[in-house]
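First the structure, in the form of structure tokens, and then the observations on it.
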Amino acid sequence: MDEPNITILGDFTDGESIDFEGSLTFSIRAAYIEKGKLWKSKDITAEFLGDFWRNMLDSDDIKSKLHFICAELMENAVYHSVKSDYLIMIQLCFGLDELLVYVKNSVETKKVEKFKAFIRSLLEVDDLRKFFVKKLKESKKSASKKSQVGLITILKDRGAKLAWKLEQGADDTVVTTLARISLKRKDA
């Protein structure tokens, strides 16, 4: 079996290589679940994760931020996953000063170059607000349902940092998205 071609975009750190205080992982093997049902459950899952980590971290501001980030990353994972048999993994790890949200899914390799180009433009942009408006206008002009503003919103409004690891195979590419969220604890 050929080794995958690995591309790192942004400041990516593998979850296995960091020292964290705690973690929570959901793995969804979705071959038997309709995408529509999984799509609808993203908000329930994100709500649970926000409540769980708000209580664990004793941080009031984390719930809404985490809810939005998890819902957006899950939505992307479900939407872009390979259709036949797909696995979506969500892992949250926390350290003293940050929460790391990993979402892993697979996509068709033929779509990866376009995705890489968008991510590079996202990571290099100077003005996220202008980029957000540009993407909204492009989406409206093309009548596309795919605006690509969710990731921009995570960076612009939620203050998270994003990074990706792409393990490119011949047919599928495993995409791991990392959102890094700074933590402010009540006792800090």
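Quick look at the numbers
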{"quantity": "Whichever residue in the range 137-163 is assigned to a loop (DSSP other than H, G, I, E, B) and of a type in the set (D, E, K, R) and, among such residues, is surrounded by the most Cβ atoms within 10 Å (Cβ to Cβ)", "calculated": "R158"}
{"quantity": "Checking H67 against (1) surrounded by 15 or more Cβ atoms within 10 Å (Cβ to Cβ); (2) under 29 Å from Q168 (Cβ atoms); (3) modelled with pLDDT of 80 or more; (4) of a type outside the set (A, V, I, L, M, F, W, C), the condition it does not meet", "calculated": "(2)"}
{"quantity": "Of the criteria (1) surrounded by fewer than 20 Cβ atoms within 10 Å (Cβ to Cβ); (2) modelled with pLDDT of 90 or more, which one K134 fails", "calculated": "(2)"}
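The values are calculated or read from the model by the stated rules, or taken from the named source; none is laboratory data. Treat the numbers as computed from the prediction; the structure is a model and nothing was measured. With ideal geometry, Cβ positions are generated from the backbone for all residues, glycine too; neighbour counts draw on all protein chains shown.
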